[in-house]
1. If you go through region 125-148 one residue at a time, how many are in contact with a helix residue (DSSP H, G or I) (Cβ under 9 Å, 6 or more places away or on another chain) and over 22 Å from Asn264 (Cβ atoms)?
2. From the set of residues in region 45-71 that are of a type in the set (A, V, I, L, M) and more than 23 Å from Ala31 (Cβ to Cβ), which is surrounded by the most Cβ atoms within 10 Å (Cβ to Cβ)?
3. For region 219-240, check the following and say yes or no: at least one residue is at pLDDT below 95, surrounded by fewer than 23 Cβ atoms within 10 Å (Cβ to Cβ) and either of a type in the set (Phe, Trp, Tyr) or closer than 18 Å to Pro159 by Cβ (or both).
4. Among the residues in region 170-182, are any over 28 Å from Val106 (Cα atoms), over 22 Å from the mean Cα position of the chain (by Cα) and in contact (Cβ under 8 Å) with a residue 12 or more places away in the chain?
5. Check region 125-148 and report whether any residue there is in contact with a Leu (Cβ under 8 Å, 6 or more places away or on another chain), free of Cβ contacts under 8 Å to residues at least 40 places away in the same chain and of a type outside the set (Asp, Glu).
6. Determine whether Thr66 is assigned to a loop (DSSP other than H, G, I, E, B) and among the hydroxyl-bearing types (Ser, Thr, Tyr).
7. Suppose we filter Tyr102, Tyr92 for residues that are under 18 Å from Leu239 (Cβ atoms), touching an Asp or Glu at 6+ places or on another chain (Cβ under 6 Å), aromatic (Phe, Trp, Tyr) and open to solvent by less than 40 Å² (accessible area, probe 1.4 Å); which single one remains?
8. Which of the residues belonging to region 73-124 are of a type in the set (Phe, Trp, Tyr) and under 15 Å from Glu268 (Cα atoms)?
Amino acid sequence: MEFQVAARLRRFLLCLLWFVAGAANTFAADARCDRACLRTTLDQYLNAVIKHDPSAAPLFAGFRQTENAIVVRLGTGAWKTITALGKAQRRYLDPVSGQAGYFGIVEEGAIPSVATLRLNVEDRRITEAEWVIARKEAWGPNAPGGGLVDPDNLAANPPPDRTVPKDARSSRDVMVAVANSYFDGLSTHDGSIIMHEPGCTRIENGTTMTGRGGRGGTDCAANLEQINIALVAARRYPLVDEEAGVVLGMVVFVRKPGTATRRNLLTEWFFIDRDKIRTIYAAMFFPPPEAPVPNWPPYDGNWPIGNPTPAAATAGR
């Protein structure tokens, strides 16, 4: 009799364990955000920004947002200034990391700007929003309005809108390594390090930089010998869209010592074909030396840490 009771108890506990495990798996699956979920969440956020209504977006209670690396209060900054999306719009999704991104044109009243947006989604709530907005009147490397912002050219030459066939896709690790090779090439001033297709193009704040000689060079790996970059720092790769063949890289260009040229924080969208860079689209801004960049973990606060040089400290004043 005692043996039968014990056997029944074991069966009951085993069934209960299976039930609890199944319920946990179901809850985890429900909490995960697939591509469709990320797309819906991204669109909800963008529509809320355009309507200037944060309550229309599924925001986490501890939601944090930056605009050009500056933390902004809910309902301020882009929540007030952006009135529409422009003619070039692309959305990228990464269910593995829970990140969604937008690259394209935003309208601030009658003025178009080039922008990157990164969202972090956890349990179907947006915990982070990181905007990088390139505005025509903002500071460039050495003077106001020098950022080569050209939304019209971006509208005429938008990023490819594609789904890469499964048998042609690179792995996530390879895609990140290929993107990182670009920054290694810039830091070492050696284009041969960059894993790229011959003739790879680069469009920067909407302006086509390659194929025109001079600073831009013939392709994305050319003319790096004299580029004013001492280090590509604070490298992040938060979003890898394997279906689109796209990696988002976010970095800080640190200038050579003694130059007054401003640092810049860049968002670089790498389009990768067969393990090589085909095209790069960038949105960037040039912060003053005292500004905190990128101001997101693991690089909270300023980068590089330390006091600016006298030449850099006076730039832009």
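1. Going through region 125-148 one residue at a time, the tally reaches 2.
2. Val49
3. yes
4. Within region 170-182, not a single residue is over 28 Å from Val106 (Cα atoms), over 22 Å from the mean Cα position of the chain (by Cα) and in contact (Cβ under 8 Å) with a residue 12 or more places away in the chain.
5. no
6. Criteria not met by Thr66.
7. Tyr92
8. Tyr92, Tyr102, Phe103
The values are calculated or read from the model by the stated rules, or taken from the named source; none is laboratory data. Computed from a prediction, not measured in an experiment: that's the story for all the values here. Heads up, the Cβs are rebuilt from the backbone with ideal geometry, glycines too, and the neighbour counts pull from every protein chain shown. Remember, those area values only see protein heavy atoms, side chains included, never the ligands or the DNA or RNA. Shrake-Rupley method; radii C 1.70, N 1.55, O 1.52, S 1.80 Å.
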